[in-house]
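What follows is a single structure, written as structure tokens, with notes after it.
The values are calculated or read from the model by the stated rules, or taken from the named source; none is laboratory data. Owing to the predicted nature of the structure, the values given are computational and were not obtained by experimental measurement. Here the Cβ positions follow ideal geometry from the backbone for every residue, glycine too, while neighbour counts run over all protein chains shown. Heavy atoms of the whole protein, side chains included, go into the accessibility calculation; ligands, DNA and RNA do not. Shrake-Rupley method; radii C 1.70, N 1.55, O 1.52, S 1.80 Å.
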Amino acid sequence: MTEQAAELKYAVRFRVVFKYFGQLCLVLAMLSLVPLSVSLFFGDTAISLRYGIVISGLAVLGWSLVRLRVPFGIQANEGMVVVALMFLFTPFVMSYPMMGGGMEFLDALFEAISGMTTTGLSTKATLAGMPKTFLFARAWMQWYGGLGIVVLSLALVMQPGLVAKGLAVTEADTEDLVGGTRAHARRVLKVYSGLTVLGIIGSLLVGISFFDAVLYSFAALSTGGFAPNDGSLAMLNRFAQVWITLLCLAGAIPLAVYYRMLKKKRHVALDILQFKLVIIASFVVSLMVGISMRLNVGMDWSQVFQHAPLFAFSAQSTAGFSSMPCEQLDAGSKLILIFSMIAGGGAGSTSGGFKLLRLLIAVNVFRLLIIRTSLPKHAVFEPRIAGRRLQDDEIRMALLVIVLFIFIIALSWLLFVVMGYDPLDSLFEVTSATGTVGLSVGLTSTELPDLLKCVLCADMLMGRLEIVAWIVMLYPGTWIGRRMEGK
């Protein structure tokens with residue numbers, strides 16, 4: 001780091017971090033009132049008591065911290081630290097009421113992390129006999145986890161989000177990190193809530209019961225994939241499967257796109273591009289998986305047309321629903337889905353992966369390198385997406401996130417292989433966790449060694465916050481050094 005950069009950087013102010021962490025604790029307490037009400041309705045007294053303890057603790061902690069007096073404004077590193085801390089803290093807290101369903105601590109923590117990160121992996125072998133409150137709570141966690149990601153990653157965590165200032169957030173939002181977050185949250189909440197209501201109504205119309213309609217809609221729009229039964233989508237009729245898949249697709253499209261299109265705001269060209277990218281990628285993967293199923297397994301065309309598109313849209317949106325066990329997939333289909341899961345959906349959506357827009361930036365940079373070999377030395381040729389010139393820092397950040405994703409997946413995969421698991425299945429499971437997808441070939445279970453459960457937990461957390469936020473939190477300079485006035 002140059003001397004100039006060292007002189008300009010500031011460590012986080014603890015009071016600021018604590019205050020905003022306290023505010024999020026109060027929000028989490030209010031969100032937890034919903035599963036508490038559900039537990040009281042279904043008579044799950046033991047779980048109700050656990051939620052009561054959690055809500056009381058969060059309220060006391062949050063109220064104590066929000067009273068801290070802090071200077072106006074929040075630094076980017078402070079925002080990232082708050083988000084990272086909250087994503088560590090929330091699963092630990094929520095694992096306590098989940099243990100009321102009869103789970104051990106580590107499995108309950110795994111379930112909570114999977115819910116909060118909208119992944120959908122589970123160590124539960126069967127959901128038969130589980131309390132309805134447990135089923136609702138994990139789908140509810142995915143719903144608000146998906147919403148929280150959209151709001152926090154685009155409006156609060158500016159730096160690690162893909163070109164967040166230039167491509168996904170209006171200029172007014174970037175002027176005030178906190179004020180912009182609130183304005184963005186209100187807009188996205190309207191869209192998200194509207195899509196959720198539409199999802200529930202549509203689910204009822206295609207024959208899904210009310211309770212399941214709510215849970216499927218929560219899990220689909222958050223691209224989380226927690227189904228209320230063991231069969232995922234296999235238990236639903238064909239129309240219901242198509243409807244839930246469409247909801248997953250809706251969640252994989254940047255939620256701000258809906259708002260800007262309705263209000264005829266700017267960035268429409270980029271919005272349309274992202275919409276097209278998700279659709280085209282899903283159909284291409286559908287075609288490739290279908291061909292692989294037909295050639296390698298000899299599956300009937302009727303089954304190919306049923307399962308291939310569902311797997312493709314589920315993987316590309318990172319929702320993680322399935323209509324047949326992933327263990328029955330052939331090696332070619334698994335490999336295709338691995339690439340799909342790591343790419344993910346649109347930037348600013350509830351989907352995981354490193355995002356298709358980042359992949360497009362990387363492709364444009366590679367194309368630029370090739371073209372420049374045939375141009376005069378002093379020719380000016382700038383990379384553009386949807387008519388917008390890409391800044392150097394935007395390109396660097398996009399490439400960095402892609403490299404970090406691949407590095408985390410490779411490291412985690414190596415641990416699975418070293419411990420004797422099948423290489424392809426291990427890569428599938430690790431990619432599913434890091435991409436926050438939730439498709440599983442059966443490795444994730446109560447029998448999985450604790451070390452590897454922890455690896456998958458780390459993968460889910462890393463992938464949901466796109467890794468950079470965790471690096472910032474662990475960087476010593478984030479905590480030690482000169483602080484702004486009014487510390």
Considering the stretch 378-399 alone, what residues qualify as being out of contact with any helix residue (DSSP H, G or I) (no Cβ under 7 Å at 6 or more places or on another chain) and either among the aromatic types (Phe, Trp, Tyr) or outside any strand (DSSP E or B) (or both)?
HIS378, ALA379, VAL380, GLU382, ASP392, ASP393, ARG396, MET397
Would you be able to tell me the number of residues in the stretch 195-204 that are touching a residue at least 24 places away in the same chain (Cβ under 8 Å) and loosely packed, with under 15 Cβ neighbours inside 10 Å?
0
For ALA137, are the conditions met, namely being modelled with pLDDT of 95 or more, of a type in the set (A, V, I, L, M) and more than 17 Å from MET460 (Cβ to Cβ)?
yes
Criterion: open to solvent by less than 10 Å² (accessible area, probe 1.4 Å) and either farther than 29 Å from MET484 by Cβ or in contact with a Pro (Cβ under 6 Å, 6 or more places away or on another chain) (or both) - qualifying residue of MET103, MET99, MET94
MET94
Give me the pairs, please: first residue somewhere in the stretch 448-463 and touching a residue at least 40 places away in the same chain (Cβ under 8 Å) and within 10 Å of ILE113 (Cβ to Cβ), second residue anywhere and charged (D, E, K, R) and surrounded by 23 or more Cβ atoms within 10 Å (Cβ to Cβ), beta-carbon distance under 9 Å, and either six or more positions apart or on two chains.
LEU456/GLU429
Could you list, in sequence order, the residues of the stretch 35-44 that are surrounded by 15 or more Cβ atoms within 10 Å (Cβ to Cβ) and either among the aliphatic types (A, V, I, L, M) or not in a helix (DSSP H, G or I) (or both)?
LEU36, VAL38, LEU40, ASP44
For the stretch 207-234, give me each residue that is at negative phi and not in a helix (DSSP H, G or I).
ILE208, SER209, SER222, GLY224, PHE226, ALA227, PRO228, ASN229, ASP230, GLY231, LEU233, ALA234
VAL82 fails exactly one of the following numbered conditions: (1) modelled with pLDDT of 90 or more; (2) under 26 Å from the mean Cα position of the chain (by Cα). What is the number of that condition?
(1)
Output the residues belonging to the stretch 330-389 that are buried (at least 18 other Cβ atoms within 10 Å of the Cβ), charged (D, E, K, R) and either at pLDDT below 90 or within 15 Å of PHE313 (Cα to Cα) (or both).
LYS334, LYS355
Does any residue in the stretch 382-404 that is over 19 Å from TRP470 (Cα atoms) come within less than 9 Å, Cβ to Cβ, of a residue that is assigned to a helix (DSSP H, G or I) and of a type in the set (S, T, N, Q) six or more places away or on a different chain, and which pairs are these?
PRO383/ASN364; ARG384/ASN364; ILE385/ASN364; ALA386/GLN274; LEU390/ASN364; ILE395/ASN364
Can you tell me which of LEU451, LEU456 is within 18 Å of LEU88 (Cα to Cα), open to solvent by 60 Å² or more (accessible area, probe 1.4 Å), modelled with pLDDT of 95 or more and not in a loop (DSSP other than H, G, I, E, B)?
LEU451
Index of the failed condition, SER426 passing every other in (1) surrounded by 12 or more Cβ atoms within 10 Å (Cβ to Cβ); (2) more than 24 Å from GLY352 (Cα to Cα); (3) modelled with pLDDT of 85 or more; (4) not hydrophobic (A, V, I, L, M, F, W, C):
(2)
